[in-house]
Amino acid sequence: MLAVKAWAFVLFFEVIHQIIEVIEKILNREETAHQIIQKTGDPQINSDATQQLHVVVFSIIGGAIAIVFVGIIFALVNSFNKATKRAFWARRALAFYGLYLGVRIVFIYTEISTIPANSLPIAFSAIDGAIAITVGVIALVAVVLGARDDSLKWVGETPVGFSPPPNGNGHDEKKDERKK
């Protein structure tokens, strides 16, 4: 099914995007730590090295949380692919996540425009932005493919409501024939 293949690409590129985000934050830790000290107003509270350590630790924690979230999305894609009894809800959750990734494209443009001139090479941020935009576009395509008639039939949805899919989920055509 094309929707599942599109979601596989989304997950692959999203993992790459999250890894690049963590690397970007770690490489740019001095500048981020300096901004934190400026916002607190008192450089005596924490040293620059402590702030840099906090930036590194929280960047890694944030990346780990993002990877866990990608794992949850993988479970939803797997449920959708196997047409389990949860596929009905998995398709809807994937649609909302796909729309979020599509809206995230807008924020990428504002984020790129606020990159300080003396930070990381612009190519690094441009590659990350291109990957994130690719993720958003493919996610929107996956949402559209997931709403097609063949996808709806796969998870047991019909235009008028819900019925179990013929490939499992409690409905066995051979068993129904034996009952007759």
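The values are calculated or read from the model by the stated rules, or taken from the named source; none is laboratory data. Treat the numbers as computed from the prediction; the structure is a model and nothing was measured. As a convention, Cβ positions derive from the backbone with ideal geometry for all residues, glycine included, and neighbour counts pool all protein chains shown.
Any residue at all in region 164-171 that is closer than 29 Å to Ser79 by Cβ, outside any loop (DSSP other than H, G, I, E, B) and at pLDDT below 55? The answer is yes, given that some residue of region 164-171 is closer than 29 Å to Ser79 by Cβ, outside any loop (DSSP other than H, G, I, E, B) and at pLDDT below 55. For region 25-55, a tally of residues being modelled with pLDDT of 75 or more and not in a helix (DSSP H, G or I) returns 1.
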